[in-house]
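*Asks:* My structure is below; once you've seen it, I'll send some questions.
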């Protein structure tokens, strides 16, 4: 099945994939998160959302990766709030965590051999751009969109908010768990 964005495609059950969406208190934000995922999914060439990969370097399905990032982000928020008394904007954090990789269905395309390739939109735009673009269209606030644009290690800027930083590090930690540690420190000692 090839989808060009105008064809009718079976929607995905965003709430079944990401039950944390129900915890978003702002009903408009909750609905916009679901609508953003649905629109991006409808633009994709994938038949099953479970087959969308995490990335070219990380041959692992993106849905369990996304679910782990959401769970870790919320756990970090719990610790920050209980130990440090810091307030975390849970609506912002959950919305960003659910949407952080929502553009992967259009950044990658299934191949005839059962693999995948980088889709034309994935070649033309940085990771997260389309999720941010569609999120803005659906009324997602700038605070969430900024996180979508800065959550990837390849982003030229770092997230500004606490919620963005939580998501950034949770995402990087999960990539280490499912793939490998991409980050190395070297100590240079000068005499």
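The values are calculated or read from the model by the stated rules, or taken from the named source; none is laboratory data. What you are looking at is a predicted structure, and each value in this text was computed from that prediction instead of being measured. Methodologically, a virtual Cβ is constructed for each residue, glycine included, from the backbone with ideal geometry; neighbour enumeration extends over all protein chains shown.
*Asks:* What pairs come up if the first residue lies in region 127-152 and is on the phi > 0 side of the Ramachandran plot and touching a residue at least 40 places away in the same chain (Cβ under 8 Å), the second is surrounded by fewer than 20 Cβ atoms within 10 Å (Cβ to Cβ) and assigned to a helix (DSSP H, G or I), and their beta carbons are under 7 Å apart, counting only those six or more places apart or on different chains?
*Replies:* Taking only residues 6 or more apart or on different chains, the pairs are 139/28.
*Asks:* Quickly run through region 86-113 and pick out the residues that are without any contact (Cβ under 8 Å) to a residue 24 or more places away in the chain, part of a loop (DSSP other than H, G, I, E, B) and in contact with a helix residue (DSSP H, G or I) (Cβ under 9 Å, 6 or more places away or on another chain).
*Replies:* 87
*Asks:* Consider region 15-57. How many of its residues are under 12 Å from residue 102 (Cβ atoms) and in a loop (DSSP other than H, G, I, E, B)?
*Replies:* Adding up the residues that qualify gives 3.
*Asks:* Can you tell me which residue is surrounded by the fewest Cβ atoms within 10 Å (Cβ to Cβ) among those in region 114-126 that are outside any helix (DSSP H, G or I) and without any contact (Cβ under 8 Å) to a residue 40 or more places away in the chain?
*Replies:* Here is the first cut: in region 114-126, the residues outside any helix (DSSP H, G or I) are 114-119, 125-126.
With without any contact (Cβ under 8 Å) to a residue 40 or more places away in the chain added as a condition, the list becomes 114-115, 117, 125-126.
Working: 114: 7, 115: 10, 117: 14, 125: 15, 126: 15.
If we take residues in region 114-126 being outside any helix (DSSP H, G or I) and without any contact (Cβ under 8 Å) to a residue 40 or more places away in the chain, then 114 is surrounded by the fewest Cβ atoms within 10 Å (Cβ to Cβ).
*Asks:* To continue, here is another question. Within the group 83, 69, which residue is buried (at least 16 other Cβ atoms within 10 Å of the Cβ), at negative phi, at pLDDT 95 or above and in a helix (DSSP H, G or I)? Break it down into steps so the answer makes sense when it comes.
*Replies:* Values: 83 fails: buried (at least 16 other Cβ atoms within 10 Å of the Cβ).
Residue meeting the stated conditions: 69.
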